[in-house]
Structure formats: C-alpha cells, structure tokens
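Working notes, beginning with the structure itself.
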Amino acid sequence: MGSDKSLLRLAVLASGRGSNLQAIIDSIKNSTLAAKVVVVISDNPEALALERARQEGIPAVSLPPAEYRTKDEYEQRLVEVCEDSQADLVVLAGYMRMLGRTFLKRFPNRVVNIHPSLLPSFPGLHAQRQAIEYGVRFSGCTVHFVDEGMDTGPIILQAVVPVHSNDTEETLAERILVQEHQLYPQALNLIARGQIQIEGRRVRLKE
Ligand code: GRF
C-alpha cells in the first residue's frame, strides 16, 4: 500500500448494523482496498456501525436529525463533518435516509451507495421482499453513484444471486449480503485506483 496521502479517504454513513462498513474496514486491513475510513457518521446513535468504528479507532459521529430544525440544517452539518475529515468520497452503507441537494451539490459524483437488488429493479425499501413477491429468478446487489433520485444513479458494479422458491426475505437478504461484502470494497477500489469514468448515465471501467 502507498503512503497515507495516496489513500482514498472515505466518510461512511450508516444507520444500522454496519456489516458493509466492516467489510470495507477488513478489505483495507488485508490490503485489497487502498483507502482509509476517516469518519463514520450515523443518524442513529444506537447504530452498531458506530461501535464498530470505535473498535477500530475510527472517529464515530452520531448526528440525530431530530436535533436539527430542518433537513437543510441537518445536511449542512453532515457536509461540515465530511469536509472536516477531508473525505474524498462519501460511502452510504445502510444509510436509511435520502440525501438532498444541499449535501449532494457539495459532493458531486462523490457519493456512492449499495442497494440489495439488481437496479433499476426494486429500488427503495425492502428490495429483497419486492424481488420475492415479484417472482424473479435472480436478484443481487448494485453499487452506484448517488443522485437525487431513489437508487437511480449511474451503476458501477452488480453481482447476481439466484432466488430460490422457498426463499424468505431473510434467506435472500443473507445470500445477497455475502455478495455485498465483496462487491462494495471491489467498487471502492476501482474508484481508489482511478479506474472509473462517468459518461452520462454510464460508468466506464478503465483497464
Ligand atoms: C444492506 O443490505 C445494504 O445493501 C442496504 O442496507 C443493508 C445494510 O446492511 N442498503 P449493513 O448495515 O451494512 O449490515
């Protein structure tokens, strides 16, 4: 791995258990991802993700939206925390809120998300349940850039998993999660290595 300066600086936003955050941290530790998590931020003070960050000696910041008068003020604070930590890229890892213009205009093409379906199918909440109810034979996960829509930004990478006839929301989520933990660090590493170029809606992967 290069010197600290060459590492992509990640601000990770998470609302819950933080298993994707952990996969990112683990990939950094085993040198398959040339990045550094500079801050973990949660809208939920109880999020396990914050505890995982503390365990790793990463600054953990709890920002409950209820403490702000408006979404705008809340997002301004989010921007401040990300900028103070000199983040290059904002990584949504189970962050359960939509980011608005106030935040996104400060990080143009510098916010990514992972979603547990093959977008553009099944955006929004309960993607795994949506897939089962629709009756698809395959689902998976998608890493994409974040725009103002709901899971609509340019797609970086996807991974496919089968959907079995006896799957429940939980068993499918588990199968997808295994792929998420590989796909997210892989996508971040492509960004870290400058191998990604956005052309309109399409993301070109450079050799
Ligand atoms: C993942 O399934 C992710 O795709 C979705 O939220 C879940 C977060 O899980 N956006 P975790 O908090 O990373 O364990």
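The values are calculated or read from the model by the stated rules, or taken from the named source; none is laboratory data. Computed from a prediction, not measured in an experiment: that's the story for all the values here. Positions of Cβ are backbone-derived with ideal geometry, glycine not excepted, and every protein chain shown enters the neighbour counts. In case anyone asks, the SASA skips ligands and DNA or RNA and just uses the protein heavy atoms, side chains included. Shrake-Rupley method; radii C 1.70, N 1.55, O 1.52, S 1.80 Å.
Just a few scattered comments:
- Residues in region 189-205 that are open to solvent by less than 100 Å² (accessible area, probe 1.4 Å) and over 24 Å from Asn30 (Cβ atoms): Gln197, Ile198, Glu199, Gly200, Val203.
- Flag if Pro59 is in contact with a strand residue (DSSP E or B) (Cβ under 6 Å, 6 or more places away or on another chain) and open to solvent by 10 Å² or more (accessible area, probe 1.4 Å): yes
- Scanning region 136-147 for residues that are open to solvent by 20 Å² or more (accessible area, probe 1.4 Å) and within 15 Å of the chain's Cα centre (by Cα), we see that the one that is farthest from Gln195 (Cα to Cα) is Asp147.
- Considering (1) within 16 Å of the ligand (Cβ to nearest atom); (2) closer than 16 Å to Leu21 by Cβ; (3) not aliphatic (A, V, I, L, M), the lone condition that Asn189 does not fulfil carries the number (1).
- Cβ-Cβ distances below 7 Å connect the following pairs, each with a first residue in region 21-32 that is touching a residue at least 12 places away in the same chain (Cβ under 8 Å), a second residue that is more than 16 Å from the ligand (Cβ to nearest atom) and part of a helix (DSSP H, G or I), and a separation of six or more residues or different chains: Thr32/Asn189.
- Looking only at region 65-100, and only at residues there that are under 24 Å from His181 (Cα atoms) and away from the ligand (no atom under 16 Å from the Cβ), the one that is surrounded by the most Cβ atoms within 10 Å (Cβ to Cβ): Cys82
- Residues that are assigned to a loop (DSSP other than H, G, I, E, B) and in contact with a Leu (Cβ under 9 Å, 6 or more places away or on another chain) within region 123-152 comprise Val136, Val146, Asp147, Glu148, Asp151, Thr152, listed in sequence order.
- Filter result (closer than 24 Å to Tyr68 by Cα, crowded, with 21+ Cβ neighbours inside 10 Å and either within 13 Å of the ligand (Cβ to nearest atom) or polar (S, T, N, Q) (or both)) within region 19-52: Val40, Ser42, Ala47, Ala49, Leu50
- Looking only at region 148-162, residues that are open to solvent by 20 Å² or more (accessible area, probe 1.4 Å) and over 18 Å from the mean Cα position of the chain (by Cα) come to 1 in all.
- Set side by side, the residues Ser62, Ser117 differ, and just one is within 16 Å of the ligand (Cβ to nearest atom) and assigned by TED's automatic domain parsing to the domain that holds Ala159, which is Ser117.
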